[in-house]
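**Student:** Quick one: structure below, then a few questions.
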Amino acid sequence: MIRIPRSKVVYSFSPKHSPAAYAKPGEVVVFETIDALGGQIKSENTSLESLDWTKVNPATGPLYVEGAEAGDTLVVDILDISTEEQAVILVVPGYGALHDKKFNPKVKLLQRRRDYLLFNNIEIPVKPMIGVIGVAPPEGEVPTGSLGAHGGNMDVALITRGTKLYLPVFVKGALLAIGDLHLVQGDGELCVSAAEVSGEVMVRVDVVKGKRPRYPVLELEDRYAILAFGKTLDEAAYRATEEAVEALKRAHNLNFEEAYMLASLIVNLRINQVVDPLKGVRAEIPKKYIDIDNILVETKQS
Ligand code: CA
């Protein structure tokens with residue numbers, strides 16, 4: 001099995017990064033990850049001014065996947081996520097869904113007890129998830145703190161064990177990187193952080209040739225979710241709707257008017273997060289009505 005140590009981190013998604021490891025389609029890879037604060041917070045007395053902000057949002061990788069080329073889809077099957085026992089959450093004035101309110105910076109350590117996280121004496125069931133997962137964009141450099149069609153800091157609580165993620169490939173080898181595990185997070189990630197934790201992610205990678213999605217797509221047990229984004233929630237909701245309607249047109253050979261009606265009956269829009277540089281909205285479509293092939297768009301002549 002391939003293992004990428006947590007010493008191999010990047011702070012951006014970019015075609016310029018040299019691969020930390022190579023894998024063939026079908027291979028299993030373990031990514032050792034550091035928490036989103038770069039493992040710098042060990043005590044509740046840590047002041048935010050003392051943090052080295054260049055060490056924030058590390059992602060482990062990138063992994064070069066043989067055979068993946070621009071126009072393909074990288075399939076990432078999340079087989080397992082294991083984490084350390086202690087997580088950290090923080091509030092930072094000026095950030096989060098209530099960024100305009102007056103409040104103080106605060107750091108809180110949270111302990112895991114078996115399947116629960118303790119917040120004071122409140123027990124919260126853990127559901128470990130991946131905050132940052134993505135591939136290289138076609139050119140330039142996207143910081144690991146941001147998101148886009150390449151994935152990135154999406155902070156989607158559904159990116160967890162048993163989920164399959166479809167990412168569009170823009171460069172040879174795809175260059176997959178993963179980081180920013182959360183022991184638990186609600187939809188929205190309201191205060192700007194979740195239960196930030198270091199750990200390990202085990203994935204199986206695969207490649208679909210000649211087609212790719214416009215946005216990252218999740219496959220869950222009973223549905224697909226198209227992970228759209230935008231400068232505002234309105235823009236993200238528009239794009240998620242547009243993409244769901246296009247997929248339904250292809251799935252059922254419908255014209256726009258009927259696909260738009262069908263979307264109104266069966267598609268659920270949900271908020272992914274509201275606190276990152278771009279906002280995230282997902283369109284969920286039950287598998288009963290659609291197949292992944294209807295969501296991936298042909299990019300090459302056969
Ligand atoms: Ca994050």
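**Student:** Which one of these is in the same structural domain as Val9 (by TED's automatic domain parsing), open to solvent by 10 Å² or more (accessible area, probe 1.4 Å) and either within 18 Å of Pro277 (Cβ to Cβ) or of a type in the set (Lys, Arg) (or both): Arg223, Arg239, Arg250, Arg204?
**Tutor:** Arg204
**Student:** What is the one condition in (1) buried (at least 24 other Cβ atoms within 10 Å of the Cβ); (2) among the acidic types (Asp, Glu); (3) more than 16 Å from the ligand (Cβ to nearest atom) that Asp155 does not satisfy?
**Tutor:** Every condition holds for Asp155 apart from (3).
**Student:** In region 209-220, which residue that is open to solvent by less than 10 Å² (accessible area, probe 1.4 Å) and in a strand (DSSP E or B) is nearest to the ligand (Cβ to nearest atom)?
**Tutor:** Leu218
**Student:** For residues that are open to solvent by less than 10 Å² (accessible area, probe 1.4 Å) and within 14 Å of the ligand (Cβ to nearest atom), tally how many sit in region 171-188.
**Tutor:** The number of residues fulfilling the criteria is 8.
**Student:** All but one of (1) more than 15 Å from the chain's Cα centre (by Cα); (2) away from the ligand (no atom under 13 Å from the Cβ); (3) over 25 Å from Glu27 (Cα atoms) hold for Asp206, so report the exception by its number.
**Tutor:** The failed condition is (3).
**Student:** Yes or no: Lys108 more than 16 Å from the ligand (Cβ to nearest atom) and without any contact (Cβ under 8 Å) to a residue 40 or more places away in the chain?
**Tutor:** In short, no.
**Student:** Keeping to region 38-88, report how many residues are within 16 Å of the ligand (Cβ to nearest atom), open to solvent by 50 Å² or more (accessible area, probe 1.4 Å), over 20 Å from the mean Cα position of the chain (by Cα) and more than 22 Å from Leu118 (Cα to Cα).
**Tutor:** So the answer is 1.
The values are calculated or read from the model by the stated rules, or taken from the named source; none is laboratory data. These numbers come from a predicted model, not from an experiment. Using ideal geometry, Cβ is built from the backbone for each residue, glycine included, and neighbour counts are taken over all protein chains shown. Note: accessible area is taken over every heavy atom of the protein model, side chains too, but ligands, DNA and RNA are not part of it. Shrake-Rupley method; radii C 1.70, N 1.55, O 1.52, S 1.80 Å.
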